[in-house]
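Written below as structure tokens is the structure these notes are about.
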Number of protein chains: 2
Amino acid sequence: MSLKNDLLLRAARGEKTERTPIWLMRQAGRILPEYRAVRERLSGFKELVETPELAAEVTIQPVDLLGVDAAIIFSDILVVPDAMGLPYELIEKVGPRFEKTIRSASDMDGIRIADPDDISYVYDAIKITKKALNDRVPLIGFSGAPWTLFAYMVEGGGSKTFSEPKRMLFQNPELAHRLLDMITESTIAYLKRQVEAGTDLIQIFDSWAGILAPDYYREFSLKYIKRICTAIDTVPVTVFAKGAWFALEDMADLDCQTIGLDWNMDATKVRSILPNKTLQGNLDPCALYGSFADIKKETRTMLDAFGDHPHIANLGHGVYPDTDPEKVKCFIESVKELSA
Amino acid sequence: MSLKNDLLLRAARGEKTERTPIWLMRQAGRILPEYRAVRERLSGFKELVETPELAAEVTIQPVDLLGVDAAIIFSDILVVPDAMGLPYELIEKVGPRFEKTIRSASDMDGIRIADPDDISYVYDAIKITKKALNDRVPLIGFSGAPWTLFAYMVEGGGSKTFSEPKRMLFQNPELAHRLLDMITESTIAYLKRQVEAGTDLIQIFDSWAGILAPDYYREFSLKYIKRICTAIDTVPVTVFAKGAWFALEDMADLDCQTIGLDWNMDATKVRSILPNKTLQGNLDPCALYGSFADIKKETRTMLDAFGDHPHIANLGHGVYPDTDPEKVKCFIESVKELSA
């Protein structure tokens with residue numbers, strides 16, 4: 001393997017790069033008319049996730065159309081709960097909905113550690129993508145963090161408070177740990193297969209990190225992320241725990257290369273908390289609603305905040321679906337120009 | 001005025017108290033069967049807010065039933081937008097919905113600085129409550145922070161991202177400031193009337209503080225909170241900005257007595273950031289799903305974190321509606337017992 005553009009991987013390893021690499025969370029998705037054209041032909045989001053040729057096609061679109069320095073495999077974090085025996089559907093404009101939830105020990109009947117073979121459509125998509133990318137840029141694989149997957153499996157869908165999964169932490173912590181352990185084992189096996197199939201870097205998304213108090217986050221989330229980081233030892237790992245500013249100091253101990261920051265986090269401060277980690281992020285996705293001139297200005301402010309710390313540019317969250325792709329391009333080009 | 005129990009006010013002024021005072025955000029509400037009995041007789045939530053005798057009745061319920069050290073007037077932060085010319089309704093299990101929203105300069109037609117007389121039902125409720133409380137405990141008045149009210153007025157309801165109000169900050173900051181200024185003037189006049197009617201302390205709720213990047217929070221929220229704090233100079237003021245851990249250092253400069261903490265914030269750290277402020281909070285509302293023994297244990301951990309810093313005990317957010325009132329009482333009694 002010799003990638004033509006390996007900026008992302010070198011930055012992840014903490015090496016100096018000729019400019020800052022950039023990719024965007026949710027870069028493959030509704031912002032692109034070309035994505036929507038593929039999506040419209042299908043019955044739903046899950047059909048796209050489960051059809052390797054099409055998942056590969058939309059994975060590559062932003063590399064061609066936006067000029068990002070990495071592709072991220074088009075998939076969904078909830079394929080793991082699905083393979084554990086908890087099927088879900090994605091309802092347009094609402095979000096995921098599980099027909100069954102885990103609220104008690106008896107709800108664990110039929111829940112198993114996922115057989116990674118049951119998610120082979122993802123590895124197939126990775127292989128097709130790698131071949132089509134032809135080493136132009138690295139391919140990122142990903143999973144949800146165990147706590148975030150647990151939150152969905154217990155709540156049964158999205159929520160403002162996720163009070164059901166949190167209730168379990170307070171009422172039945174043993175059951176919570178049992179389920180978190182099974183999710184972690186499932187995730188490790190799944191991610192190892194993603195790496196075997198060809199991904200160059202793994203990102204772990206802890207989308208609901210921010211709803212736990214610090215002690216509970218350490219106990220019910222970070223401990224499991226740590227196990228995953230240690231298990232994935234052949235490619236760099238990025239941990240993005242949205243809202244977990246309170247856990248940044250603890251993240252210094254994770255066996256991972258990069259920590260993702262959301263837009264609330266001030267990079268000038270985080271640099272001193274995490275001197276040994278590459279940092280990723282963190283423009284407010286809403287900054288892309290601004291004018292081209294303002295986006296360039298905001299990009300400069302962001303780059304200045306990271307300074308000469310190893311940095312992978314990104315938004316502080318997934319790009320919002322109603323963002324003008326030209327504004328996304330402006331952000332990408334500004335990073336390339338201003339960091340050179 | 002000589003309150004029989006003035007623990008809250010003395011703690012707010014930073015004085016040593018014989019024990020830690022306690023009240024709960026949303027203590028008057030769905031957790032109490034006595035509240036639900038009043039509510040069921042009415043057409044909706046707004047009827048309760050706008051009927052002073054009933055608002056007073058539910059305001060006093062937690063004082064009698066739970067033994068809290070303060071009452072907080074039963075009302076809604078959205079009465080201010082309503083009085084500014086933007087009516088809303090509260091839809092059961094969904095939240096507030098505005099029929100009109102502010103997205104452009106022309107949407108400002110008909111929007112005015114509120115005439116505080118239009119919200120006189122709140123002052124009437126305060127007067128009735130004060131009389132009925134008979135100086136047993138202080139009465140807290142409140143408003144939303146301008147940024148939070150702005151977020152609802154522009155978005156038109158709740159949202160995961162509040163991308164519409166944020167869009168305005170990036171696309172039309174002048175219009176945003178114009179509206180924020182009008183909300184601030186409306187709020188100051190409204191709060192002054194609450195104080196005249198008899199409230200002993202004012203709390204400002206910035207529920208959506210956590211969705212702004214630090215620079216934007218300072219520019220579009222904190223600046224306006226500062227004006228309110230300066231204007232309300234006859235009673236203590238508490239600022240509760242949920243998720244705004246990044247702004248704690250800036251809050252040291254606010255002309256207010258108390259800063260509310262959510263459950264993500266580690267009081268042992270915040271004490272050194274805000275040595276001159278009383279701190280309020282911050283048990284995770286979900287901790288009240290635990291056993292009585294666990295609630296007592298969690299309460300002790302919380303009290304230890306605040307140590308001998310001036311402290312008003314509370315949850316880190318409003319009490320969740322499905323919480324057992326006996327568990328709420330356990331929290332209240334644990335604070336009283338363990339802090340004595």
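The one condition from (1) in contact with a Ser or Thr (Cβ under 6 Å, 6 or more places away or on another chain); (2) facing another protein chain (nearest Cβ under 10 Å) that B:Asn264 does not meet is (1).
Which one is surrounded by the most Cβ atoms within 10 Å (Cβ to Cβ) among residues in segment A:276-293 that are in contact with a helix residue (DSSP H, G or I) (Cβ under 6 Å, 6 or more places away or on another chain) and assigned to a helix (DSSP H, G or I)? This residue is A:Cys286.
Do we find that A:Asp322 is closer than 23 Å to A:Gly243 by Cβ, at pLDDT 95 or above and facing chain B (nearest Cβ under 9 Å) in this structure? It is true that A:Asp322 is closer than 23 Å to A:Gly243 by Cβ, at pLDDT 95 or above and facing chain B (nearest Cβ under 9 Å). Can you spot a residue in segment B:10-22 that is buried (at least 16 other Cβ atoms within 10 Å of the Cβ), under 19 Å from B:Ile126 (Cβ atoms), in contact (Cβ under 8 Å) with a residue 40 or more places away in the chain and of a type in the set (A, V, I, L, M, F, W, C)? Taking every residue of segment B:10-22 in turn, at least one turns out to be buried (at least 16 other Cβ atoms within 10 Å of the Cβ), under 19 Å from B:Ile126 (Cβ atoms), in contact (Cβ under 8 Å) with a residue 40 or more places away in the chain and of a type in the set (A, V, I, L, M, F, W, C).
In this structure, is A:Tyr190 among the hydroxyl-bearing types (Ser, Thr, Tyr), in a helix (DSSP H, G or I) and within 13 Å of another protein chain (Cβ to nearest Cβ)? No; evaluated as a whole, the condition is false for this residue. Just one of (1) among the charged types (D, E, K, R); (2) under 22 Å from B:Glu18 (Cα atoms); (3) under 17 Å from the mean Cα position of the chain (by Cα) fails for B:Arg300. It is (3).
One residue alone among A:Leu78, A:Leu86, A:Leu65 is over 21 Å from A:Thr187 (Cα atoms) and either buried (at least 19 other Cβ atoms within 10 Å of the Cβ) or modelled with pLDDT of 95 or more (or both), and that residue is A:Leu65.
With respect to the conditions (1) within 12 Å of another protein chain (Cβ to nearest Cβ); (2) on the phi > 0 side of the Ramachandran plot, A:Asp284 falls short on a single one, namely (2). Of all residues in segment B:193-215, those satisfying the criterion of being part of a helix (DSSP H, G or I), surrounded by 23 or more Cβ atoms within 10 Å (Cβ to Cβ) and within 14 Å of chain A (Cβ to nearest Cβ) are B:Ala209, B:Ile211. Taking first residues from segment B:170-191 that are touching a residue at least 40 places away in the same chain (Cβ under 8 Å) and partners that are surrounded by fewer than 16 Cβ atoms within 10 Å (Cβ to Cβ) and of a type in the set (Gly, Ala, Ser), the Cβ contacts under 7 Å between residues at least 6 apart in sequence or on separate chains come to B:Leu175/B:Ala105.
Here is the figure for segment B:294-317: residues that are surrounded by fewer than 19 Cβ atoms within 10 Å (Cβ to Cβ) and either in a loop (DSSP other than H, G, I, E, B) or among the aromatic types (Phe, Trp, Tyr) (or both) total 3.
On the given criteria, is B:Arg218 closer than 30 Å to A:Leu283 by Cβ, part of a helix (DSSP H, G or I) and more than 21 Å from the chain's Cα centre (by Cα)? The answer is no for B:Arg218.
In segment B:332-340 there is no residue that is modelled with pLDDT of 95 or more and within 14 Å of chain A (Cβ to nearest Cβ). The requirement of being away from every other protein chain (no Cβ under 14 Å) and farther than 18 Å from A:Ser143 by Cα is fulfilled nowhere in segment A:226-244; no residue meets it.
Comparison of A:Ile295, A:Ile312 shows that the only residue that is β-branched (Val, Ile, Thr) and in contact with a Cys (Cβ under 6 Å, 6 or more places away or on another chain) is A:Ile295.
The values are calculated or read from the model by the stated rules, or taken from the named source; none is laboratory data. Just so you know, these numbers come straight off a predicted model, no measurement behind them. Cβ: placed from backbone, ideal geometry, glycine included. Neighbour counts: every protein chain shown.
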